[in-house]
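See below for the structure under consideration.
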Amino acid sequence: MIQGIGAATGVAIGKAFVLPSWEWDLPESRMENIDLSKEFERLYEGIRTSRNEIEFIRNEFKEVVGEEESSIFDAHLAILEDPIFMNEIQGIIERQYKAAEVAVKEAIDHFVTMFDLLDDEYMKERALDIKDVGNRLLKHLLGAPEITLPQDTQPYILVAKELSPSQLVHLNPSHVLGIATLIGGKTSHSAIMSRALGIPLVSGLENSLKTPIQTGDMLIIDGDQGQVFIHPNETALAHYEAVRVKQQQKKEQLQLLASVESVTKDGYQMTLSSNISSVKELDMALKHGADGVGLFRTEFLYMDRVTFPSEEEQFEVYRQVTEMMGSRSVVIRTLDIGGDKHLDYFSLPEEDNPFLGYRAIRISLDRKELFKTQLRAILRASHYGKVKIMYPMISSVEEVRLANELLHESMSELDTRGIQYNHNIQVGIMIEVPAAVAIADLLAEETDFFSIGTNDLVQYVLAVDRMNEQIAHLYHPYHPAILRMLRSTVEAARNAGISVSVCGEMAGDERSIPLWIELGVHELSMSPQSLLRIKHRLLNTAAEEEKAVAKACYKLHTNTEIQKLLDDYHHSHRSSRSIAAE
């Protein structure tokens, strides 16, 4: 057994197909009689062809998995248009008299080496994007064919040193059972895409793999545990085949629950809403029985374009989502850019700590007209259904009041134009920074609801960048400090008589259910893929039993103890359910 990183869940069993590494037959490094104008012309033509190809791939992929995952290719387009990257290539051609393809290869190597030297796993994985774009450009400059995959319909497990998004997007999910890569991790774009496509993926095998995997080798990959078995014995094959069959059967059985009400055996009601970033994701959420939209990430409307979206453009999308949800609520979060989310046409300042910098509500309150354009669009959509507004990254009462002032100005502007909207629209905030928790009682007096964003809350409370693989082991959602923060927030909301929901990753984690029930939380919002799994757990448990487990957690002193208790309870609960089913 080879231990790696479980980057996309699921089990796959099959024969390996090893993808060859990129290898280029380049001309002589220096060409004394080079025609510079011709090389520049070849370069620009290669860029145009690559750009058209990437745009086509992005649009095709968007139809399959939605806006958020397909935005990976926006980063590739940005690299092609990056003046620093292009200036490096042009400089090598002009000053060193080298062919366009040689200049591109040297520029790729330069930037990849620079990224690899950074003590940051996230940036190292972004180096793969540069290689992906550069290799696409090289392919067109050299007239090289795509690396061909097996043409028959026999499914296989794809093995590669690294797998770029461009290579992954061309795979037929029905032919690819799973993927194993030597390098990469959970935050790579390929991992994100694998999860979206439902393909099991194990990454980071390079250090533990002693003998190279060969095409035709029988493999088992376990994307949950991050394990790969080469030439497994009959016992392992039988075990994992049973696991794989059960996983498929469970998916089919869970789909039957889509229209079932989410309530425990002793009557604890839970609203299960979905986080979405596109209409395509809403389709999936509705298929899986979402009770509402608990978080509409509007920043993705601002991506994949060259200017800010107009009020009319935003209104049409918000209206469509609202009408699709009918009587169910839609919580629209205002623009949340900055940190790791950038717009090509909106220049953000260089910052040492962008996650602590100019982002989210801070940008909105600084760029008031930009903010009001979005607020007017949301207000107009509220005429068509149960729309709520939510402000991100709030840390003070002043921010809420300033945002509400701009909201009221937007209302007045719509009144002047004679446009209808819900004058009593509910306004809430994200609780995702420690300051918001500390003054939750004060913030509750200013708002209609709270939504706890556990991803950033854990990150800020524990001072751990969850995208940094070197310290990812310190990112503990069940740290005693987090549990206390959750209790403090919920109690403040309850005392003020406002509702509170959870929309971070913890909402879709079955282990967290005892915490929410004991705290009295009645709404969770999660990815569409998590809805049926969480509903199944709720239907097969009793609230009083869950509360007892949560109360025991609050008596423990360490994350390790709390997580073990929740893990043990989850596994025993799952075992008892499967026995009952049999």
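The values are calculated or read from the model by the stated rules, or taken from the named source; none is laboratory data. Keep in mind the model is a prediction, meaning the values are calculated, not measured. As a convention, Cβ positions derive from the backbone with ideal geometry for all residues, glycine included, and neighbour counts pool all protein chains shown.
The helices (runs of 4 or more DSSP H) falling completely within the range 18-105 that include 3 or more residues that are modelled with pLDDT of 75 or more and hydroxyl-bearing (Ser, Thr, Tyr) map to 36-65. Taken across the range 465-483, residues that are closer than 16 Å to VAL521 by Cα and not acidic (Asp, Glu) do occur, with at least one present. Of the residues making up the range 399-417, none is assigned to a strand (DSSP E or B), farther than 18 Å from LEU365 by Cβ and not charged (D, E, K, R). Note on the range 421-529: enclosed helices (runs of 4 or more DSSP H) holding 2 or more residues that are in the same structural domain as ASN275 (by TED's automatic domain parsing) and within 26 Å of the chain's Cα centre (by Cα) are 434-438, 454-462, 480-496, 513-519. Taken over the range 537-571, the criterion of being surrounded by 19 or more Cβ atoms within 10 Å (Cβ to Cβ) and touching a Cys at 6+ places or on another chain (Cβ under 9 Å) is satisfied by ILE562, LEU565, LEU566. Candidates are the residues of the range 530-557 that are assigned to a loop (DSSP other than H, G, I, E, B) and not small (Gly, Ala, Ser); the one that is nearest to HIS288 (Cα to Cα) is ASN540. For residues in the range 291-311 being farther than 19 Å from ASN275 by Cβ and of a type in the set (A, V, I, L, M, F, W, C), which is modelled with the lowest pLDDT? Only one residue tops the list, namely VAL306. If you filter the range 209-231 down to residues that are among the polar types (S, T, N, Q) and in a loop (DSSP other than H, G, I, E, B), you find that the one that is surrounded by the fewest Cβ atoms within 10 Å (Cβ to Cβ) is THR211.
Hey, could you check the range 216-258 for residues that are more than 26 Å from the chain's Cα centre (by Cα) and of a type in the set (Gly, Ala, Ser) and say which is nearest to ARG533 (Cα to Cα)? That would be ALA242.
Inspect the range 497-519 for any residue being at pLDDT 95 or above, more than 20 Å from LEU556 (Cβ to Cβ) and polar (S, T, N, Q) and give the result as yes or no. There is at least one residue in the range 497-519 that is at pLDDT 95 or above, more than 20 Å from LEU556 (Cβ to Cβ) and polar (S, T, N, Q). Of the residues making up the range 232-258, those that are part of a loop (DSSP other than H, G, I, E, B) and surrounded by 13 or more Cβ atoms within 10 Å (Cβ to Cβ) are PRO232, LEU257, ALA258.
Name the residue that is modelled with the highest pLDDT, counting only residues in the range 350-381 that are surrounded by fewer than 24 Cβ atoms within 10 Å (Cβ to Cβ) and of a type in the set (S, T, N, Q). Going through the qualifying residues, I end up with THR373.
Screening the range 95-110 for residues that are surrounded by fewer than 19 Cβ atoms within 10 Å (Cβ to Cβ) and out of contact with any Asp or Glu (no Cβ under 9 Å at 6 or more places or on another chain) and picking the one that is nearest to LYS139 (Cα to Cα) gives ASP109.
If you go through the range 338-356 and keep only what is more than 15 Å from GLU432 (Cβ to Cβ), of a type outside the set (S, T, N, Q) and not in a strand (DSSP E or B), you end up with HIS342, ASP344, TYR345, LEU348, PRO349, GLU350, GLU351, ASP352, PRO354. If you check PRO150 against the conditions, is it touching a strand residue (DSSP E or B) at 6+ places or on another chain (Cβ under 6 Å), modelled with pLDDT under 75 and surrounded by fewer than 19 Cβ atoms within 10 Å (Cβ to Cβ)? So PRO150 passes the test.
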